[in-house]
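Reviewing the structure listed below.
A short reminder: the numbers here are calculations on the coordinates, not readings from a lab. As the structure is a prediction and not an experimental result, all values here were calculated from the model. We place every Cβ from the backbone using ideal geometry, glycine too, and count neighbours over all the protein chains shown.
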Amino acid sequence: MLIDHKALLAMLASELDDARTELEMLGMALCQDVAITTAHVAKLQALDHVGQRCASVADILRAPDIQAASAAAPLESIANRLEDLTRRA
């Protein structure tokens, strides 16, 4: 069975959107407890960062020009990895 490349990328982007939503809901639930928030603020921020990465990658997967979208990605980690790939090519 052959799957359309664009449809596959859209499906993967949707999965990342769902993962981000779940991470956000988890973060919000944990932040309801002041003791957890106080004790684990850095870890909660890390959850948010992972959600941002999911959103950024999903945007790239949906873009008409994936390479241009990767280069314009707002997250430094994606830009750095793209630069590494470019150097290896």
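Scan segment 34-51 residue by residue and report those that are under 14 Å from Ser77 (Cα atoms) and either of a type in the set (Lys, Arg) or free of Cβ contacts under 8 Å to residues at least 12 places away in the same chain (or both).
Once the filter is applied, which keeps residues that are under 14 Å from Ser77 (Cα atoms) and either of a type in the set (Lys, Arg) or free of Cβ contacts under 8 Å to residues at least 12 places away in the same chain (or both), segment 34-51 yields Ala46, His49.
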#### Entry: Qualifying position, being in contact (Cβ under 8 Å) with a residue 12 or more places away in the chain and within 22 Å of Arg81 (Cα to Cα), among Cys54, Cys31
Cys54
## Note on the structure
Given (1) more than 23 Å from Leu85 (Cα to Cα); (2) free of Cβ contacts under 8 Å to residues at least 40 places away in the same chain; (3) of a type outside the set (S, T, N, Q), Asp17 misses just (2)
